[in-house]
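Below is one structure, written out as structure tokens, with a few remarks after it.
Laboratory data are not the source of any read-out in this text; all were calculated from the coordinates shown. Source: prediction; values computed, not measured.
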Amino acid sequence: MKRICIYTIGILLTLCTVSGCWLYSFSGTSIKSDVKTICIEPVVNKALKVNPTLANSLTEALNDKYRKLTNLEQVEDVGDLNVTATVESYDVRATAITADEVAAQNRLTITVKVKFVNEKYPEENFEQSFAAYEDYNSERSLDEVEATLCDTIIEKLVEDIFNATVANW
């Protein structure tokens with residue numbers, strides 16, 4: 001009798017573990033099985049200071065992230081999931097001031113407003129702003145460091161947007 005109980009418990013634990021794997025995604029996403037497509041609109045840049053490559057770079061980075069980490073088919077028109085992003089601000093501000101009242105460090109901050117629509121599960125819809133920044137030494141001009149800073153900031157923004165839309169973090 002004891003043996004039967006141990007075997008039964010072992011089988012139940014094995015079944016729970018195996019069935020749990022079907023619900024878990026190694027990319028950390030929690031996309032329901034009936035959601036098949038995503039439409040990522042080209043990013044629009046409405047910031048007062050415009051970086052001419054920012055919108056395109058952000059659009060490509062978003063497309064790459066969803067392509068690599070999900071099985072969603074990317075479509076041009078309305079999908080099961082729809083992501084619309086707008087660059088709202090692109091600001092450089094001094095963050096550290098020396099005794100001579102000169103900026104020792106500057107900070108580039110990019111803010112993106114995202115509208116997420118889930119056509120199948122509208123309770124997951126949201127509109128939210130995401131911001132990321134990078135600091136740089138004020139002895140260097142923004143032109144010198146802008147490309148590197150933007151790449152790093154875009155990476156952070158894309159991660160945050162991805163997590164908010166399909167990882168439910």
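Given H placed on each backbone N at 1.01 Å, which residues far from Asn45 in sequence or on other chains put an amide H within less than 5 Å of it?
Close amide H contacts, sequence-distant or interchain: Val87.
Past 23 Å, Cα to Cα, is the threshold; run Lys68/Lys115; Lys36/Lys115; Lys46/Lys156; Lys120/Lys156 against it and keep the listed order.
On the way: Lys68/Lys115 21 Å; Lys36/Lys115 19 Å; Lys46/Lys156 20 Å; Lys120/Lys156 28 Å.
In this structure, Lys120/Lys156 lie more than 23 Å apart at Cα.
Can you work out the Karplus-derived ³J(HN,Hα) for every residue in region 129-136? Use 6.51 cos²θ - 1.76 cosθ + 1.60 with θ = phi - 60°, whole Hz, and x for glycine or proline.
So the J values, rounded to whole Hz, are 9, 10, 10, 9, 9, 9, 9, 8.
Search the structure for amide H atoms under 5 Å from the amide H of Gln74, placed 1.01 Å from N in the peptide plane, and list their residues when 5 or more places away or on another chain.
So Gln74 has HN proximity to Ile38.
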